[in-house]
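Accompanying notes for the structure given below.
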Ligand SMILES: Nc1nc2c(ncn2[C@@H]2O[C@H](COP(=O)(O)OP(=O)(O)OP(=O)(O)O)[C@@H](O)[C@H]2O)c(=O)[nH]1
Ligand SMILES: [Mg+2]
């Protein structure tokens, strides 16, 4: 099974920073990637955020089937959380999130107003790397205030961004588990780009990905690459290589290139709307 070597020291520091920041906020936007919501829920966050108001943001909902988004929202609500599904890349989609935040924390504004003070609701955005925290912030404020990018570790430090007269949001660097002992979560976090590509073996990752996809529905790969799924994953990968025309000298399939392409296709949503965590 794939071993992921990364930098737990760095993540321990992020968690420490997070526990400091939590003291100064009224509310937490807990951003999870809709393609793997369960894997994005970081057990290391729990002790830090207990006693805080939390809204789960099922982000990248455009990349999964609508019924899966509904089921995840229902699940998160059933276990006692507020939750909304959004596509942060489409403008103004965070309007319901702002309304919900005001509903949960609006009394603060009123309390301060009564004392003649102009207060703001302060929310903090947390989540694993690449889940779309900074994109959500830009959506909330309606302009590109935070730097975004389709890889882990784009945001390096925390940054307060003003959304409106009575609303401020804190962007934070993505935070992973201090120990990724949950292997299923680890591989799925790697599929969705939450773990730096430099620390995973992309070939191994691609085989794990096609295995996962086949177990969800063999048609995902069959339809996209016009191949027939068999038990033999090497054969499946060779067929994908041929289908994409990745052939080397001597008519050999270029498997390295194919592995990178499959991961890329999945990340770009070219394999269709897929939720890995059921
Ligand atoms: N399709 C889709 N893509 C999204 C959505 N939200 C963010 N993205 C993309 O996901 C990638 C990562 O977004 P960021 O906002 O940089 O993610 P982050 O959580 O701030 O990442 P770190 O700062 O590295 O922790 C970017 O390529 C975004 O365009 C969404 O709702 N739907
Ligand atoms: Mg960011």
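The values are calculated or read from the model by the stated rules, or taken from the named source; none is laboratory data. Computed from a prediction, not measured in an experiment: that's the story for all the values here. Note that we place each Cβ from the backbone using ideal geometry, even for glycine, and neighbour counts take in every protein chain shown.
Below, the figures for the structure above:
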{"quantity": "Filter pass, residue 99 being closer than 22 Å to residue 162 by Cα and in a strand (DSSP E or B)", "calculated": "no"}
{"quantity": "Complete set of residues in region 193-250 that are assigned to a helix (DSSP H, G or I) and within 16 Å of ligand 1 (Cβ to nearest atom)", "calculated": "197, 198, 199"}
{"quantity": "Those residues of region 163-192 which are in a helix (DSSP H, G or I) and within 16 Å of ligand 2 (Cβ to nearest atom), in sequence order", "calculated": "189"}
{"quantity": "Region 121-132, residues that are in contact with a strand residue (DSSP E or B) (Cβ under 6 Å, 6 or more places away or on another chain) and near ligand 1 (Cβ under 7 Å from one of its atoms)", "calculated": "127, 131, 132"}
{"quantity": "Qualifying residue in region 166-173 (condition: closer than 21 Å to residue 127 by Cβ, at pLDDT below 90 and in contact with a helix residue (DSSP H, G or I) (Cβ under 7 Å, 6 or more places away or on another chain))", "calculated": "no"}
{"quantity": "Selection count, region 111-125, where residues are touching a helix residue (DSSP H, G or I) at 6+ places or on another chain (Cβ under 8 Å) and away from ligand 2 (no atom under 11 Å from the Cβ)", "calculated": "6"}
{"quantity": "Extreme residue, nearest to ligand 1 (Cβ to nearest atom), among residues of region 133-152 that are more than 25 Å from residue 107 (Cα to Cα) and surrounded by fewer than 17 Cβ atoms within 10 Å (Cβ to Cβ)", "calculated": "150"}
{"quantity": "Any hit, region 199-220, residues being more than 10 Å from ligand 2 (Cβ to nearest atom), over 16 Å from the mean Cα position of the chain (by Cα) and at pLDDT below 90", "calculated": "yes"}
{"quantity": "Residues that are under 22 Å from residue 118 (Cα atoms) and more than 12 Å from ligand 2 (Cβ to nearest atom), drawn from region 143-162", "calculated": "160, 162"}
{"quantity": "Test: residue in region 93-101 that is in contact (Cβ under 8 Å) with a residue 24 or more places away in the chain, surrounded by fewer than 21 Cβ atoms within 10 Å (Cβ to Cβ) and within 9 Å of ligand 1 (Cβ to nearest atom)", "calculated": "yes"}
{"quantity": "Residues of region 250-269 satisfying the condition of being within 26 Å of the chain's Cα centre (by Cα) and free of Cβ contacts under 8 Å to residues at least 40 places away in the same chain", "calculated": "257, 261, 264, 268"}
{"quantity": "Any hit, region 126-146, residues being at pLDDT 95 or above, in a strand (DSSP E or B), within 25 Å of residue 64 (Cα to Cα) and in the same structural domain as residue 24 (by TED's automatic domain parsing)", "calculated": "yes"}
